[in-house]
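Everything below concerns the one structure shown next.
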Amino acid sequence: MSREGINNGLCLSLTLSFSFSKFVLHFLVRMSGVYWSLTGLSLLLPPDQVDASMGVTKATISKPLAPPTQSTDTDTATASAATTTTRQAIVDWVFDCFDESAGGFGGRPGHDAHLLYTLSAVQILALADCLEDPRLQRSAVVEFCSKLQQADGSFAGDKWGEIDTRFTYCALSTLSILQALGNNSSTTALVVHVNKAAQYILQCRNLDGGFGSVIGAESHAGQVFCCVGALAIAKNLHLLGADGTDLLAWWLAERQVDSGGLNGRPEKQADVCYSWWILSALSIMGKMSWINRDKLAGFILKCQDDEDGGIADRPDDMADVFHTFFGIAGLSLLGNLHSLEDQGHVYRSIDPVYALPTDVVVRLGLQAQVLGNRDEPADKRLSYCSVLAPKDDSS
Amino acid sequence: MASRTAAATNNETVSLLPSEPPFYSSLHVQYITSLAAKLDLSTSYEGALTEHRKLFRCILNH
């Protein structure tokens with residue numbers, strides 16, 4: 001068992017490498033942790049069971065030093081009230097994390113706002129169907145995101161100015177979920193420069209077809225998801241070009257190793273989380289058949305803890321919620337979970353662009369772009385997306 | 001860490017691929033829903049790791 005393995009799982013959302021500073025930043029990730037937990041549960045349970053099953057209260061989230069509350073048996077009426085209370089407690093806690101001075105959300109109450117946690121907060125509110133909560137200061141959140149865009153189209157994560165293509169995805173996804181990015185928004189022209197954001201992403205593309213965190217940075221599968229996802233939200237996937245799409249899909253397909261798992265960069269070990277980062281990008285590009293899907297599903301299944309539950313980064317490591325979510329999401333994207341529906345199991349599917357259950361995406365009216373592919377039948381589960389027809393030549 | 005031979009007999013398992021371990025759907029629900037308590041429980045691995053990181057931050061702050 002690798003005790004160090006759990007470090008990766010408990011680290012930041014979209015974290016791409018382990019480092020001293022990120023180790024410390026674990027204290028900031030509870031917002032993302034709640035998002036991973038809720039979305040993971042949402043893929044396994046019917047919506048009305050998610051809140052009741054979560055067992056998270058405001059006290060246990062915001063006061064980590066307090067001993068856990070002992071649960072007691074309840075009758076049906078009390079359980080129903082508890083469901084409402086739990087949902088309310090989570091939403092209340094999300095609003096407790098709002099940074100009034102900045103206009104975004106922090107990882108925990110009292111922490112500075114950051115795009116990573118702002119997206120997680122908005123995703124949680126979307127899951128809880130609470131985007132219309134009067135406490136949500138939409139204009140402030142939109143302004144927080146827009147002010148972080150730089151002159152070259154890139155986005156900083158917060159006021160301290162770190163630039164990363166992760167933040168481009170976070171900003172565009174947040175704005176899109178808030179209906180502040182798209183044709184149905186009267187404020188579209190004032191929010192962010194979508195085309196400049198897309199052009200910056202293209203500048204981060206490397207000769208191998210992959211994308212890095214900034215211009216000239218090494219290609220990484222996690223960044224590929226962010227860049228392709230951002231282009232999908234911006235409806236700018238045509239910028240990849242036919243040749244560029246094939247080159248990128250080839251690079252992603254080469255991430256599959258003998259075990260069936262996927263790694264994030266050449267010569268690295270396979271890791272369950274790349275089941276999501278890579279599969280989602282391939283799904284958006286209509287090229288999921290470019291990898292061996294059964295071998296990947298087998299790898300994810302081998303990473304399960306068959307005694308305590310949860311999924312680890314690789315077989316025989318400690319499970320954690322980060323990899324549990326992305327493992328479940330990977331199996332959902334592969335279609336394996338839905339193959340069980342004829343056995344009486346009901347699973348919600350996940351959207352490859354927004355990383356939310358597809359019914360939530362449909363309810364919000366979100367319509368990201370996906371690429372059509374003449375060699376692969378369109379994924380029927382993505383019928384609500386805007387399909388860009390394939391072209392022969394790169395643009 | 002669980003052994004690969006142990007069967008989760010008390011929980012729902014579903015077979016995705018014939019030659020691979022089953023999918024432990026109910027175990028994963030149980031795992032996620034128990035996390036909030038585990039993080040605050042010093043006797044759990046997750047709680048111990050959280051405490052370790054708190055100490056680490058305290059050292060950095062001083």
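Nothing in this text is a laboratory measurement; each read-out follows from the coordinates by a stated rule. Everything numeric in this text was worked out from a predicted model, so none of it was measured. Cβ placement follows ideal geometry from the backbone for every residue including glycine, while neighbour counts extend to all protein chains displayed.
With a Förster radius of 35 Å applied to the C-beta separation of A:SER383 and B:THR43, the computed FRET efficiency comes to 0.10.
For the residue pairs A:LYS295/A:LYS380; A:LYS159/A:LYS287; A:LYS159/A:LYS295; A:LYS380/B:LYS38; A:LYS196/A:LYS295; A:LYS147/A:LYS235, the alpha carbons lie more than 32 Å apart in A:LYS159/A:LYS287; A:LYS159/A:LYS295; A:LYS380/B:LYS38; A:LYS196/A:LYS295.
With r defined as the distance between the Cβ atoms of A:GLU267 and A:HIS338 and R0 fixed at 22 Å, what FRET efficiency is calculated, to the nearest 0.05? So, using R0 = 22 Å, E works out to roughly 0.05. Taking Lys and Arg as +1 and Asp and Glu as -1, the other residues whose beta-carbon sits under 13 Å from that of A:LEU172 total +3. Multiplying the residue separation of A:ALA52 and A:ASP316 by 0.36 nm and subtracting their alpha-carbon distance yields 92.0 nm.
At a Förster distance of 30 Å, what's the computed FRET efficiency of A:GLN88 paired with A:GLN150, Cβ-Cβ distance as r, to 0.05? Taking R0 as 30 Å, the efficiency between A:GLN88 and A:GLN150 is 0.20.
Ranked for footprinting exposure by Cβ neighbours inside 10 Å, fewest first, A:VAL122, B:VAL14 give B:VAL14, A:VAL122. Between the residues A:ALA378, A:GLN367, A:ALA355, the greatest Cα displacement towards the positive end of the dipole of the range A:310-387, with unit charges on the Cβ of Lys, Arg, Asp and Glu, is found for A:GLN367. Residue exposure proxy: A:SER275, A:SER332, B:SER25, ordered by other Cβ atoms within 10 angstrom of their Cβ from fewest to most, comes out as B:SER25, A:SER332, A:SER275.
Scanning residues 5 or more positions from A:ASP99 or on other chains, those with amide H under 5 Å from its amide H are A:GLY104, A:PHE105, A:GLY106, with H placed 1.01 Å from N in the peptide plane.
Projecting the alpha carbon convex hull of the range A:258-343 along each direction and taking the average yields 6.0 nm². Once Rg and the Kirkwood radius are both taken over the C-alpha atoms of the range A:237-395, their ratio Rg/Rh works out to 0.98. In whole angstrom, the range A:90-228 maps to an equivalent ellipsoid with semi-axes of 26, 16, 13, each derived as √(5λ) from the alpha carbon gyration tensor and ordered largest first. Can you list which of the GluC sites (Glu not before Pro) found in the range A:119-214 are DSSP loop residues with at most 10 other C-beta atoms within 10 Å? When the GluC sites (Glu not before Pro) of the range A:119-214 are filtered for loop state and at most 10 Cβ neighbours within 10 Å, A:GLU132 remain.
If you take each beta carbon of peptide A:308-318 and count the beta carbons of other chains within 10 angstrom, what is the mean?
5
Restricting the range A:117-180 to chymotrypsin sites (Phe, Trp or Tyr not before Pro) that sit in a DSSP loop and have at most 15 other Cβ atoms within 10 Å of their own Cβ leaves A:TRP160. Under the combined filter of DSSP loop state and at most 12 neighbouring Cβ atoms within 10 Å, the range A:111-214 retains these trypsin sites (Lys or Arg not before Pro): A:ARG135.
Compared with the direct C-alpha span, the chain from A:GLU307 to A:HIS111 gains 66.9 nm at full extension, assuming 0.36 nm per residue.
Projected onto its three principal axes, the C-alpha set of the range A:170-268 covers 50, 24, 23 Å, listed from the longest axis down.
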